[in-house]
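Colleague: Could you have a look at this structure, given as C-alpha cells, before my questions?
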Amino acid sequence: MKAVVCREPNNIEIEERPAPIVQPGEALVRIRRVGLCGTDYHIFAGRHPFLVYPRVMGHELGGEIARTDPGSTFRIGQTVAINPYLACGTCIACRKGKPNACMNISVLGVHADGGMTELIAVPERALIDADGLTIDQAAMLEFLAIGAHAVARSRVGAADQALVVGAGPIGIAVGLFARLNGAQVTLVDTRATRLAYARDHLGFADVVEAGPGLASRTGGEMFDMVFDATGSLTAMAQSLHHVAHGGTLVLVGVAPGDLVFPDPEFHKRETTLIASRNALSADFDRVKQAIRDGSIPTAALHTHSLAVEEMPVRILDLIAQADHVLKAIASF
C-alpha cells in the first residue's frame, strides 16, 4: 500500500508499505481523504517539537471501514472519521473524563504514524460514525472539533462580545462555533487576504487587521471572550490586553517556550485563563450535527484539493500560498 512519509525535514516520499496487521479490538480503515493543517506543515519544515522522523503524517482523516471485529456496531463500507488522540484510559485525566489531556496521549501523525496511507488500523473506540457526511466533510471533523472544544470550554454565549485572534483554520472554527452560540464575533489577523475570505465567503461581518482600533468596537471596554488561535507567544501575550475586565482568555494555539503576562494587567481584570487542547467525543458530535443541519459552510472551508501522490511537490506550493489556503484536502 502507498504511504506518504516525511523522512526528514523538507523531504517527503511516497513509499510502498505492507498493509497493517489488525489486532483484536481494532478496525481497518481505508483512507479516502486527509486534511492538511499547520501541524503537517511544521513537521515538513522541521519545526515540530515532539516528532521523531521518519513519520507518516496525517490526522484529519476520512475513510471507509474495511474490516472490523465480529459484533462491531460499524459495518463494512461505512463512512467514518478517526479521532486521532489515542488516550491511555487510565491516567488522572482519562479517569476524569478528559482523554484529550491524557498524560500518555499518542496522536496519530505526530507520536505515531498517521493516516496519510491507504490503510490504517486503529482502536475501534477511535472511530467516529460519519454517516450523513461526505467523505470530505468527514476529513474536516477534527479541526472543526478543536474549535468547538475551545468554545465549549469558554461557555461563550449570546450576551458576549468575542474576539478571535488568528483567522487560520482553527481560528475560523472557533469563530463559527462562537457565532452558533450567539456571540458577536470579531476576527483579527495580520493577513488581509485571510480576513477578506472570512468576510466574503464565511459570513464574518466584523474583521480587522491587527493594530489599534479594537477598543473602538466595544466602546473601549474590550471583549468578554478572547480566543487566541495564533500559536505565537507574542500574540498570546498581547491578547490579554484585549480582554475586558471580568473577561476570559482562551489559549487555543500552542507554542514552545514560556508565556509571560504582566501580572497587574492580568489581576486587575480578574481574568479567567483557559487552555484548550484537542477535542472530546461531545465536540465531534456537535460538529457532525452542525454540518448535517447546514450550520457549517464546509464547501467554503475546503479551498484546495490534491492527490496524495502530489504531496512531495504540492506541499511547497501550499506553504508558499498559505495566506490563500484555508483547508487543503488530499485524496487517495
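No value in this document is a laboratory result; all are computed from the given coordinates. This is a predicted model, so every value here is computed, not measured. All Cβ positions, even for glycine, are placed from backbone atoms using ideal geometry, and neighbour counts span all protein chains on display.
Colleague: Compute the long axis of helix 281-292 from its Cα atoms, compare it with the longest principal axis of the Cα atoms of the chain, and write down the angle in degrees, 0 to 90, nearest 10.
Modeller: 90
Colleague: For a quick check: with amide H placed at 1.01 Å from N, whose amide H comes under 5 Å from ASP206's, ignoring anything fewer than 5 positions away on the same chain?
Modeller: LEU187
Colleague: Oh, and also: Round to the nearest 10 and give me the degree value, 0 to 90, for the angle of helix 169-180's Cα axis relative to the longest principal axis of the chain.
Modeller: That works out to roughly 70 degrees.
Colleague: Checking the table LYS2/LYS327; LYS2/LYS96; LYS288/LYS327 against a 28 Å threshold on Cα-Cα, which pairs fail?
Modeller: Numbers: LYS2/LYS327 23 Å; LYS2/LYS96 39 Å; LYS288/LYS327 17 Å.
Result: LYS2/LYS96 exceed 28 Å.
Colleague: Per residue of region 198-210, in order, report the coupling 6.51 cos²θ - 1.76 cosθ + 1.60 (Karplus, θ = phi - 60°) as ³J(HN,Hα) in whole Hz, putting x for Gly and Pro.
Modeller: 4, 6, 7, 10, 10, x, 8, 6, 10, 10, 8, 6, 4
Colleague: On a 0 to 90° scale, report how tilted helix 311-320 is relative to the longest principal axis of the chain, with both axes built from alpha carbons and the result rounded to the nearest 10.
Modeller: That helix lies at roughly 10 degrees to the long axis.
Colleague: Also, quick follow-up: Amide H neighbours of GLU60 under 5 Å, counting only residues 5+ apart in sequence or on other chains, H built in-plane at 1.01 Å?
Modeller: GLY35
Colleague: While we're on this one: Please compute, for the alpha-carbon atoms of the chain, the extent along each of the three principal axes and give them in descending order in Å.
Modeller: Rounded to whole Å, the extents work out to 60, 42, 39 Å.
Colleague: A further question follows. Quick one: putting +1 on the C-beta of Lys and Arg, -1 on the C-beta of Asp and Glu, what dipole do you get for the chain around its Cα centre, in Debye to the nearest 20? Walk me through the numbers on the way to the answer.
Modeller: On the way: 29 positive and 35 negative charges, 101 e Å.
In debye, rounded to 20, the chain gives about 480.
Colleague: Summing -39500 (n - 2.57) over the DSSP H runs of n ≥ 4 in the chain and dividing by its residue number, what mean residue ellipticity at 222 nm do you reach, to the nearest 500 deg cm²/dmol? Present the calculation step by step, with values, prior to reporting the outcome.
Modeller: On the way: 10 runs with 94 residues, N = 332.
Helices in the chain give a 222 nm mean residue ellipticity of -8000 deg cm²/dmol.
Colleague: Taking N as the number of residues in region 21-79, what is its alpha-carbon radius of gyration divided by 2.2 N^0.38 Å? Intermediate results must be reported in sequence, preceding the final value.
Modeller: Details: Rg = 14.9 Å, N = 59, 2.2 N^0.38 = 10.4 Å.
Cα-based Rg divided by the globular estimate yields 1.43.
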